[in-house]
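**Q** Just passing along the structure, written as structure tokens.
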Amino acid sequence: MNIIECKDLTKEYLSGENIVKAVDNVTVGFEQGEFCAVTGPSGSGKSTLLHVLSSLENPTSGTVTYNGEVMSNYNDNQLSILRRRRFGFVFQAYNLVQELTGYENIVLPVMLDRKKVDEKYIKRVIDMLGIEDRLEHLPSALSGGQQQRIAIARALANKPSILFADEPTGNLDGKSGREVLSLLKYVGKEFGITLILVTHDLHVAEQAERIITIEDGRIVRDSKNL
């Protein structure tokens, strides 16, 4: 059974006087615990698909269903809670709060949710990501790879069922990028998280169990169907 899926999903933008279909009538589903890379040329609509699937943007038409619930039935507050509790996000820009230490950045989603931090779980995540000696540092004192590890730990803090990653290695050098990718795969398997990763880098995409290729807003290839 798919944990998240979309049917006839379309997202249109107005560009000047033209309507651009960034996502064009896409139907696709993702199973719990799978690692899928979404790839395609720049401007193909892969990031837009990720944003609509994760409810960061609303579709123009079509439906997104999470755990059997159609997400358009949720109001903005319910969607915000869903994103905070069930979805994790890792972006190309690390989006860390510069005034907070590494540890404070990691537990921020839990604090925003007014929940008690599961220290045992957080310690496990920190140990897995190898950042235990970076927790008291501000982001400005960390390398790109270290900042991205903090961002991954933050994304995992609320024990999400889905991790959405948009070009997570895009700002990193080759070695750091490979390390981050390996860690994403590892934590996905360890916690049974569905990992949906957008990348234009075929070397990154090839690490996934499944590769979806998008061109002009449409899925032109899905390795699951080969």
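**Q** In the range 2-224, with Lys and Arg counted as +1 and Asp and Glu as -1 at Cβ, which of these residues, GLN148, ILE19, GLY33, has the Cα nearest the positive end of the dipole, that is, farthest along it?
**A** So the residue furthest toward the plus end is GLY33.
**Q** Then there's this: Dipole of the chain, Cα-centred, from +1 at each Lys and Arg C-beta and -1 at each Asp and Glu C-beta, to the nearest 20 debye?
**A** Working: 26 positive and 30 negative charges, 118 e Å.
The dipole magnitude comes to about 560 debye.
**Q** On to the next question. Show me 20-32, 160-172 ranked by packing, highest mean number of other Cβ atoms within 10 Å first.
**A** 160-172, 20-32
**Q** State in Å² the accessible area per residue of the range 2-224; use a 1.4 Å probe, count heavy atoms of protein chains only, and round to the nearest integer.
**A** 48 Å²
**Q** For the range 1-43, state what percent of all Cα-Cα pairs lands in each successive 5 Å bin, counting from 0 Å until the bin that includes the largest distance.
**A** The calculated distribution, bin by bin, is 6, 17, 19, 23, 17, 10, 5, 3, 1.
**Q** To continue, here is another question. Please sort 203-215, 39-51, 1-13 by packing, taking for each peptide the average over its residues of neighbouring beta carbons within 10 angstrom, highest first.
**A** Final packing ranking: 39-51, 203-215, 1-13.
**Q** Each label point is 7 Å from the Cα along the Cα-to-Cβ direction; what then is the distance between the points at LEU56 and ASP222, in nm?
**A** Each label point is offset 7 Å from its Cα along the Cβ direction, giving 2.2 nm.
**Q** What spacing in nm lies between the two simple spin-label points modelled at SER143 and GLU215, each 7 Å away from Cα in the Cβ direction?
**A** Label-label distance for SER143 and GLU215, simple model: 3.8 nm.
**Q** At 222 nm, what helix-only mean residue ellipticity would the chain give, in deg cm²/dmol to the nearest 500, using -39500 (n - 2.57) for each DSSP H run of four or more?
**A** -10000 deg cm²/dmol
**Q** Can you give the net charge of the other residues whose Cβ lies under 11 Å from the Cβ of VAL198, counting K and R as +1 and D and E as -1?
**A** Surrounding charge for VAL198 is -2.
**Q** Continuing with this model, one more query. For the chain, with all protein chains present and a 1.4 Å probe, just round the carbon and sulfur fraction of the accessible area to a whole percent.
**A** C and S atoms contribute 48 percent here.
**Q** Kindly point out which whole DSSP H helices in the chain project their C-alpha atoms 20 angstrom or further along the helix axis while averaging a Kyte-Doolittle hydropathy of -0.5 or above.
**A** Qualifying helices, which must be both long enough and hydrophobic enough, are 174-191.
**Q** Now a separate question. Are there any GluC sites (Glu not before Pro) in the range 94-169 that are in a DSSP loop and have at most 12 other Cβ atoms within 10 Å? List them by number.
**A** GLU99, GLU136
**Q** Once you charge only the Cβ atoms, +1 for Lys and Arg and -1 for Asp and Glu, what is the size of the charge dipole of the range 1-116 about its Cα centre, to the nearest 20 debye?
**A** The dipole magnitude comes to about 380 debye.
**Q** If you take the charge dipole of the chain about its Cα centre, with +1 on Lys and Arg Cβ and -1 on Asp and Glu Cβ, which of PRO59, PRO109, ASN73 is farthest toward its positive end?
**A** PRO109
**Q** Also, quick follow-up: To the nearest 0.05, what FRET efficiency results for ASP133 and TYR13 with a Förster distance of 35 Å applied to their C-beta separation?
**A** It comes out at approximately 0.20.
**Q** Please check which bits of the range 17-39 a label hung off SER72 would reach, taking the label as a point 7 Å along Cα-to-C-beta and the cut-off as backbone N under 18 Å.
**A** Only 21-29 pass the distance filter.
The values are calculated or read from the model by the stated rules, or taken from the named source; none is laboratory data. Remember, it's a predicted structure, so these values are computed and weren't measured experimentally. Neighbour counts are summed over all protein chains in view; Cβ atoms, including those assigned to glycine, are modelled from backbone coordinates with ideal geometry. What goes into the accessible areas is simple: the full protein's heavy atoms, side chains included, and nothing from ligands, DNA or RNA. Shrake-Rupley method; radii C 1.70, N 1.55, O 1.52, S 1.80 Å.
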